[in-house]
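The values are calculated or read from the model by the stated rules, or taken from the named source; none is laboratory data. For clarity, every value in this text was computed on a predicted model and none was experimentally measured. In this analysis, Cβ positions are derived from the backbone assuming ideal geometry, glycine residues included, and neighbour counts consider all displayed protein chains.
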Amino acid sequence: MFSDYAFLIVALPVLAFVLCIFFGWHLPRGGGPITVLATFGALLVSLGIASEIVPNNSILHQSIPWFGVFNVGILVDPLALVMLLMVTFVVTLIHTYALGYMNGDPGAARYFAEAGLFTASMLGLIYSDNLLQLFIFWELVGLCSYLLIGFWYRKPSAAAAAKKAFLTTRVGDVLFLTGIVLLYNNMANLNLTLAPGEYLLQFPVIYAHLAQIDPTQLTFIALCLLGGAVGKSGQFPLHVWLPDAMEGPTTVSAMIHAATMVTAGVYLVARMFPLFYAAPNALTVVVLIGAFTALFAATMGLTAFDIKRVLAFSTVSQLGFMMAGLGAGAVTGVFAVAVAIFHLIGHSFFKALLFLDAGSVIHAVGTNDMREMGGIRKYMKWTSATMLIGSLSLAGFPLTTGFFSKDEIIVIAYEYGIKASMIPYIFLVLAATLTAIYTFRLWFLTFTGEPRSDYHKHESPAVMLGPLVVLAIFALLFGIAAQGSFYNYVGSNFEHYDVDMAVLAGIGGHELEEGGHGAAAAEGEHGAVAATEGEHGAAAAEGEGGEEAAEAEEEGEPFIIQILPIIIALGGIFVAGLFYYWKKFSPSMITGERDPIRQMLLKGYYQHEIYTAWFAEKIVYGIAIFFNMIDIKVVDGILNKISDWTVAFGGNLRKVQTGVIENYVTALVLGVVVLVVVVKLAMEVGI
Amino acid sequence: MIPLELSILLSSIVFTVGLYGLMTQRNGIKLMMCIELLLNSANINLVAFSAYQPNMDGQVFALFSIALAAAEAGVGFAILLSLYRLYGTIDLDNINALRW
């Protein structure tokens, strides 16, 4: 029943957008309650769909023709379903919080309209059933992020940040589009005979025919798609827009960082995982970019003083974890998708929580600078308690959500390390340590100690605290409650399609593990057995294999590897405590003001100097001047010359019109004479 | 009966006189008169050929042409009259406001 109304998941927020943008000015709180209700409605529909497809272990796929070989469609498989639930749930809470946070802002109606559209685009992106439709929503997400980051557009820095976000992600989007075109080209060249209702760029069709595409082409396509993901998910080297995106309202940051934008890149790689898996070397690039970004961003998080910038760097870092997790799928297969998406969802809970807490603090204190905070715990009990939970989860404190998800990524990175390269594992462990340190540096600096400036001391209203408490519960308990079933459910995602991971592994040059992670391999082996028998066999093998592999994993890895995430989490918190709570040390004791490393971190690896001052203003500007010159001199030059000639010719020609009647008559008579002579001559010759 | 050649000769002379006037005169009234001469030379031809043929078609055309000439003269003189009111002259060399 709910499946028939799946379109409402996008339609409701779009409706809220229309209502808010046209009538929001006349409604209380800028029409915010409409957006909240619409998103909540989308959550209910998602839940309804979940209640229908989860028990049957089926997927929901609807599609109608659009034009040519393209279609519009809805595809809800396990991967899309968990994302839908997470996005609608987290965004409902963020919108509720925004009712309080944006109250009194003159642009509240605009905010809720754009937020509704933002939600709709992300939801549409998630359950698109073909790559072209996904790309359209992808661009819509980019547009909405531009609008919302630049929400306070009168502030020059906000306008600049919005432009930066738009242009930086655009670099990735161009690559993404190139990838789609390449993929379409390759698919079209296969000359497939498609059944009715099947279209070239539909995910099930792509999955089914991956094995027939040339592997070199696959790698090209995968890297192009990865380019899009890198732009959207703020991976190195296109991460520069994310910290600047803090210029928007804090609720926008929460939406971008937790649910509606940066996760899109990770989701794209997860969605196209079979393609990445089949493409030789593609996942190696993914894991290296991810691991490097994780460490790189974590070091920058250590030195930032803006509370939201610290969180932004942590988002970049955690997205690096997810990418690295997906990349480790080169060894672990589809299981990696489940792990990465689990971290994505856990991360969205605690990152939304942290941002909303930060917003609550900023709302009260009126500044982003942690050096002017301190001691807020006494005045904002709820905020500080929920933020502590969020921080624990982000730092990976045992038994919190972040612990389970990040731990699992580190473990599969270790497995990847055994088979391939240890570099990602080392990077990730270092990044996890730094994560614990900077997270608690933030918490200690903000909430403990003595007030370092004269700020307003009041707790936020209940409409803001409610979402915080709900998110805190999820940040604390989601991991322990959902871990096992989540891995099984999402790990089975690609079994719904006609795709044989064993074959793809052969193309991509991966070794597929037996059983467990390689559930598809088990299917492949048993596939030859008689139909019904085979299915049972495969199912059984999967079940047993999964458990065996899990056990093997427990035994297979050294004790230290398993215990390490706990040690680094606790150790990191302790180190942060030594510096910022007990004040046994201070940063100046280990590094002087002039220390080049400290300077480098404070300046964010001179990214501004490299990207803006050098790359943008020297190289790109130089190229721009060059092309501008070509445009003016050559392109415009040719056109101007042509028009100049035309004008000059006309100017000379009009002299013929003397205005003297006699001349006209003379010309007329001469013309007639000439005509008569010509006709006469022609008749003579006999034409 | 007058030979056809004489009629054509007459019409040619009238036509040449009209054309000459059109090419040399500046005065608007004179130009109008020259145009009348051109039209009438054509009428002479029409009537002459009609008599020579013999049928009435040419004379019908001649009547048609005379009516047309009358209308043309009416419009032409009206224009010249308003030009005179505007410029105080009908010397067409002085009336060149729309020239480049």
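How many of the residues making up region A:30-65 are over 19 Å from A:PRO467 (Cα atoms), among the hydroxyl-bearing types (Ser, Thr, Tyr) and in a helix (DSSP H, G or I)?
The qualifying residues number 2.
What is the one condition in (1) modelled with pLDDT under 90; (2) loosely packed, with under 11 Cβ neighbours inside 10 Å; (3) assigned to a helix (DSSP H, G or I) that A:ILE638 does not satisfy?
Exception for A:ILE638: condition (1).
Identify, by number, the condition in (1) over 25 Å from the mean Cα position of the chain (by Cα); (2) polar (S, T, N, Q); (3) in a helix (DSSP H, G or I) that A:SER405 doesn't meet.
Of everything listed in (1) over 25 Å from the mean Cα position of the chain (by Cα); (2) polar (S, T, N, Q); (3) in a helix (DSSP H, G or I), A:SER405 misses just condition (1).
So, in region B:77-92, exactly how many residues are within 14 Å of chain A (Cβ to nearest Cβ) and out of contact with any Gly (no Cβ under 8 Å at 6 or more places or on another chain)?
Here the count works out to 2.
If we scan region B:46-53, do we find a residue that is more than 18 Å from A:VAL665 (Cα to Cα) and hydroxyl-bearing (Ser, Thr, Tyr)?
Within region B:46-53, one or more residues are more than 18 Å from A:VAL665 (Cα to Cα) and hydroxyl-bearing (Ser, Thr, Tyr).
Residues checked against (1) surrounded by fewer than 17 Cβ atoms within 10 Å (Cβ to Cβ); (2) without any contact (Cβ under 8 Å) to a residue 12 or more places away in the chain; (3) within 14 Å of chain A (Cβ to nearest Cβ); (4) out of contact with any Leu (no Cβ under 6 Å at 6 or more places or on another chain):
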{"site": "B:GLY21", "(1), (2), (3), (4)": "no, no, yes, yes"}
{"site": "B:THR24", "(1), (2), (3), (4)": "yes, yes, yes, yes"}
{"site": "B:LEU46", "(1), (2), (3), (4)": "no, no, no, yes"}
{"site": "B:SER50", "(1), (2), (3), (4)": "no, no, no, yes"}
{"site": "B:PRO54", "(1), (2), (3), (4)": "yes, yes, no, yes"}
{"site": "B:LEU63", "(1), (2), (3), (4)": "yes, yes, no, yes"}
{"site": "B:ALA69", "(1), (2), (3), (4)": "no, no, no, no"}
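In region A:1-48, how many are under 23 Å from the mean Cα position of the chain (by Cα) and of a type in the set (Val, Ile, Thr)?
Residues meeting the conditions: 6.
Table: residues versus (1) surrounded by 20 or more Cβ atoms within 10 Å (Cβ to Cβ); (2) within 17 Å of the chain's Cα centre (by Cα); (3) among the β-branched types (Val, Ile, Thr); (4) under 30 Å from A:ALA279 (Cα atoms).
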{"residue": "A:ASP105", "(1), (2), (3), (4)": "no, no, no, no"}
{"residue": "A:ALA120", "(1), (2), (3), (4)": "yes, yes, no, no"}
{"residue": "A:TYR127", "(1), (2), (3), (4)": "yes, yes, no, yes"}
{"residue": "A:ALA162", "(1), (2), (3), (4)": "yes, yes, no, no"}
{"residue": "A:PHE166", "(1), (2), (3), (4)": "no, yes, no, yes"}
{"residue": "A:VAL174", "(1), (2), (3), (4)": "no, yes, yes, yes"}
{"residue": "A:THR178", "(1), (2), (3), (4)": "no, no, yes, yes"}
{"residue": "A:LEU183", "(1), (2), (3), (4)": "yes, no, no, yes"}
{"residue": "A:ALA195", "(1), (2), (3), (4)": "no, no, no, yes"}
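Report whether or not A:TYR425 is modelled with pLDDT of 85 or more and more than 21 Å from A:LEU311 (Cβ to Cβ). First the steps, then the outcome.
On the way: modelled with pLDDT of 85 or more: yes; more than 21 Å from A:LEU311 (Cβ to Cβ): yes.
Considered against the rule, which asks whether it is modelled with pLDDT of 85 or more and more than 21 Å from A:LEU311 (Cβ to Cβ), A:TYR425 comes out as yes.
Give all pairs with beta carbons closer than 6 Å in which a residue from region B:26-43 that is within 20 Å of A:ASN663 (Cα to Cα) and modelled with pLDDT under 90 meets a residue that is of a type outside the set (D, E, K, R) and in a helix (DSSP H, G or I); count only pairs at least 6 apart in sequence or on separate chains.
So the pair list comes out as B:ARG26/B:LEU92; B:GLY28/B:LEU80; B:GLY28/B:LEU92.
Quick one: count up the residues across region A:338-379 that are at pLDDT 80 or above and either surrounded by fewer than 24 Cβ atoms within 10 Å (Cβ to Cβ) or over 26 Å from the mean Cα position of the chain (by Cα) (or both).
Looking only at that region, the number is 2.
Restricting the search to region A:148-162, which residues are part of a helix (DSSP H, G or I), free of Cβ contacts under 8 Å to residues at least 40 places away in the same chain and out of contact with any Phe, Trp or Tyr (no Cβ under 8 Å at 6 or more places or on another chain)?
A:PRO156
Which of the residues that make up region A:649-675 are within 14 Å of chain B (Cβ to nearest Cβ) and of a type in the set (A, V, I, L, M)?
Selection gives A:LEU653, A:VAL656, A:VAL660, A:ILE661, A:VAL665, A:ALA667, A:LEU668, A:VAL669, A:LEU670, A:VAL672, A:VAL673.
Would you confirm whether or not region A:204-212 contains a residue that is farther than 19 Å from A:PHE70 by Cβ and surrounded by 15 or more Cβ atoms within 10 Å (Cβ to Cβ)?
yes
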